[in-house]
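Have a look at the structure below, then the notes.
The values are calculated or read from the model by the stated rules, or taken from the named source; none is laboratory data. Predicted model only: the values in this text are computed from it and were never measured. Cβ placement follows ideal geometry from the backbone for every residue including glycine, while neighbour counts extend to all protein chains displayed. SASA here: full protein model, heavy atoms, side chains in, ligands and nucleic acids out. Shrake-Rupley method; radii C 1.70, N 1.55, O 1.52, S 1.80 Å.
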Amino acid sequence: MLEKISSNDKNELLELLNEFILQTYKIEKEFKDYKALYEWVIEILPQAIWVINNNGSFFYKNTLASQIESIFEEAKKHNFNGEIEGDEKTYLFQSNSIQNRQVVAATDITLQKRQERLASMGQVSAHLAHEIRNPIGSISILTSTLLKRSDNSLKPIVFEIQKSLWRVERIISATLLFSKGVSAQKNLHNLMELKNDIEDVIEQYTYSKQIDILFDFQDKEALFDLDLMGIVMQNFVYNSIDAIEDNDNLSNGQILIKAGVIDNQIIFSISDNGKPIENKNLLFEPFKTTKLKGNGLGLALSLQIVEAHNGSIKLLDQEQKIFEIKIPNFL
C-alpha cells in the first residue's frame, strides 16, 4: 500500500504521524503533570485522605493517612463515620463515594475537643472554687486562732495544716487560671527577685527527704511577668521535689535551677536527680500524670504561661531530666 503512495503523500503522512506522536507525548506529559498536581494538593491537605477501590484495595492515600493506619482500622468498624479516638488524639471521619470509589477523610479535632473540655472545665471550676474556698477560709481562720493558743508541741501540726490549706488554694488558683487563659504583662524585673520568690514558696511545700536546692541566677534585669514566671518555676521545682520523694532508691536529692540572659533571650533550666520521666508525651497534657502527688495541671499551666510570653519549653535530656525554658527578652 505504501508503494502506491507518492513520495509527497508519504512525507505528508509521516509528518502527520510525527505530529500525532508529539501530541500524544504532550497529552501524556500534561496528564502526569495534572496527576502530580492533584497528588501534591492532597498531600498538603491537613486531613488524612484514603481513596479506596471497590475490591477494598487502596487507589491512593496521602502521608498523613499512612501515619494513622491503626486509627483507620478502628474507624472502619464504624463505617468511617463520626469521631474516633486513638494515639491520644481525636479524629473526625467522613466518607463519600465518587466514580465507584470511596473517599475517606479524617480531620484531627484534638485541639477543638480540648477547647470544649476546657470551656466546660472553666464553668465547673468556677463553681467548685466558690464552694471550696468558703470552708477553706473558715479552716484557715481557725488554724490561725489555734496557732496563737497552742503550745510549742502542737505548733508543727498546725503549720502542716496551714501548708495543706495553702496547697488546696494553689490547686484551685491554678485550675481557674488554666481554664480562663493566660495573658502575660511583661515588665522589667531583676532575675534575683524571681529567685527570692522561689525560695519563699519552697518553704511552704512539705517534703521528707534531704534535698539540696541550688540556684545559679544572674544578677540581671529582664522583661517578664514576675507573678506568672514565679508560677512556672514553682511548678517545675515542686515537680522535682515530688520526683525525688517518689524515688525509693534515693535518700538525698538535688535540684539545680539556673537563670540568665543570653542574646536577647531569658533562659531558665531546671534539673534534678529524682524519679525518671515515665512518659514524656504526657508531660504537658492537663490532668494526666504518673506522679503520686499532683493533678497533672502544673506543667500544662506552665507551658501556657511560657507561650503567653512567646517562649518555649524543651526537655533537653530525658535521662538527666534537664528542662530548658526560653522567652524573648523584649516586648
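Show me 165-173, 74-82 ranked by packing, highest mean number of other Cβ atoms within 10 Å first. Don't skip to the end; give the middle numbers.
Working: 165-173: 15.7, 74-82: 14.0.
Order by mean packing, descending: 165-173, 74-82.
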Quiz item: Which value, in debye to the nearest 20, describes the size of the charge dipole of the chain about its Cα centre when Lys and Arg Cβ atoms bear +1, Asp and Glu Cβ atoms bear -1, and nothing else is charged?
Solution: 900
Self-check item: Distance in nm between pseudo-label sites at LEU331 and LEU316 (7 Å out along the Cβ direction from Cα)
Solution: 3.1
Quiz item: Under a straight-distance cross-link criterion of Cα-Cα below 18 Å, which aspartates and glutamates are reachable from LYS163, leaving out those fewer than 8 residues away in the same chain?
Solution: ASP197, GLU199, ASP200, GLU203, ASP242, GLU245
Exercise. List every residue whose amide H lies under 5 Å from the amide H of ILE255, counting only residues 5 or more places away in sequence or on a different chain, with H placed 1.01 Å from N in the peptide plane.
Key: ASP212, ILE213, LEU214
Quiz item: Which ³J(HN,Hα) values, rounded to whole Hz and listed in residue order, are derived for segment 161-166 from phi using the Karplus coefficients 6.51, -1.76 and 1.60 in 6.51 cos²θ - 1.76 cosθ + 1.60 with θ = phi - 60°, glycine and proline given as x?
Solution: 4, 5, 5, 5, 4, 5
Quiz item: Which FRET efficiency value, to the nearest 0.05, do you get for ASN249 and LYS113 by plugging their Cβ-Cβ distance into 1/(1 + (r/R0)^6) with R0 = 45 Å?
Solution: 0.70
Self-check item: Theoretical FRET efficiency, 1/(1+(r/R0)^6), r = Cβ-Cβ of GLN210 and LYS180, R0 41 Å, to 0.05
Solution: 0.60
Practice problem: Enter the Cα centre distance for the pair segment 198-221 and segment 43-115, rounded to the nearest angstrom. | Solution: 49
Quiz item: For the chain, what does -39500 (n - 2.57) per DSSP helix run (n ≥ 4), summed and divided by total residues, give at 222 nm, in deg cm²/dmol to the nearest 500?
Solution: -17000 deg cm²/dmol
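Ignoring ligands, DNA and RNA, what percent of the 1.4 Å accessible area of the chain is carbon and sulfur? If you can, show how the numbers build up before the last one.
On the way: 10760 of 20520 Å².
It is 52 percent, rounded to a whole number.
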Quiz item: Sorted by mean Cβ packing within 10 Å, highest first, what order do the peptides 229-237, 254-262, 196-204 take?
Solution: 229-237, 254-262, 196-204
Quiz prompt | Net charge dipole size for segment 97-168 [Lys, Arg +1 and Asp, Glu -1 on Cβ; Debye, nearest 20] | solution = 100
Exercise. Could you work out, for segment 99-254, what percent of all Cα-Cα pairs fall into each 5 Å distance bin, beginning at 0 Å and stopping at the bin that holds the largest distance?
Key: 1, 7, 11, 12, 14, 16, 14, 11, 5, 2, 2, 2, 1, 1, 0, 0, 0, 0
Quiz item: All other residues with a Cβ under 13 Å from the Cβ of ILE68 taken together, and with Lys, Arg as +1 and Asp, Glu as -1, what is their net charge?
Solution: -4
Quiz item: Along segment 173-179, what does the Karplus equation 6.51 cos²θ - 1.76 cosθ + 1.60 (θ = phi - 60°) give for ³J(HN,Hα), rounded to whole Hz, x for Gly and Pro?
Solution: 4, 5, 5, 5, 5, 5, 6
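Given 0.36 nm per residue, what is the gain on full extension from GLU15 to ILE171 after removing their alpha carbon distance, in nm? Present the calculation step by step, with values, prior to reporting the outcome.
Numbers: separation 156, 0.36 × 156 = 56.16 nm, distance 8.49 nm.
Stretched out fully, the GLU15 to ILE171 stretch lengthens by 47.7 nm.
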